[in-house]
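Since every read-out is calculated from the coordinates, none of them should be taken as a lab result. This structure is a prediction, so every number in the text was calculated from the model and none was measured. Because the Cβ atoms are built from the backbone with ideal geometry, glycine has one as well, and the counts that use them run over all protein chains shown.
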Amino acid sequence: MAKQQRTVRVEQRSQLAVMQQMESRSDEELEAETRYKAAAQAILGARAAERYDAKAARAHFQRALAAARPQERLQLRRMADASLALAERRADDLKRATERLGVDAPSTRQLRGLRLMGLVAPPASAGMLARIRGILLVIALIIVVLAIGFGIVELIALPFGGVSTDLAIFYGLLLVAIVIGVLAYFGRRRQKRARTERAEQVATRSR
């Protein structure tokens, strides 16, 4: 009887501890998971939050809490608080939530970027004025970025006798597209690494 109780306790602890091993699974595989449903739904909720989809993140965490054992729910609620703060671009709440969760808080630069994201692309719960302000900021940002790309091309071409305006605009757009692509690539890699590290920290605290 004592051996059976120990086995049950190990199984209970492994529900969240297994999250690290499940990180590499696709969304479809996680949706189909039944044995570790709470962990799978929590990972899906975190991924939805990284896409800034607060509605989907909240739904996944609700399913995770429903499938979790009582002793797992506090940690899941803390994970949900952190993920929803990220999805809704609430930088200060995200910092406090990650501290309560017991994982490394986002850096100052990351929090600053999240605040900027909250201005440029406010969550669905924001008012109409916030959305209009976000649209205007996006337009202004695009103009500034294109102007910088145009200026860099003009500066590079200057020693070679300059370049026509049409070519400068084309190469400026190309330069901006390349820079954005490179930043997106490295940003996704950094995001994946940070997600894995958080899963490791959560698994360590759940053992």
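Summary of computed values
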item	result
Cβ-based exposure ranking for GLU99, GLU50, in which fewest neighbours within 10 Å come first	GLU99, GLU50
Contour excess over end-to-end distance, with Cα ends at LEU137 and ILE156 and 0.36 nm allotted per residue	4.0 nm
Karplus-derived HN-Hα couplings along segment 77-93 (A = 6.51, B = -1.76, C = 1.60, θ = phi - 60°), whole Hz, x at Gly and Pro	5, 5, 5, 5, 4, 5, 5, 5, 4, 5, 4, 9, 6, 9, 4, 5, 5
Stretch gain in nm, segment ARG51-GLN71, where the contour uses 0.36 nm per residue and the Cα spacing is subtracted	4.3 nm
Estimated inter-spin distance, THR165 and GLN62, nm [label 7 Å along Cα→Cβ]	5.5
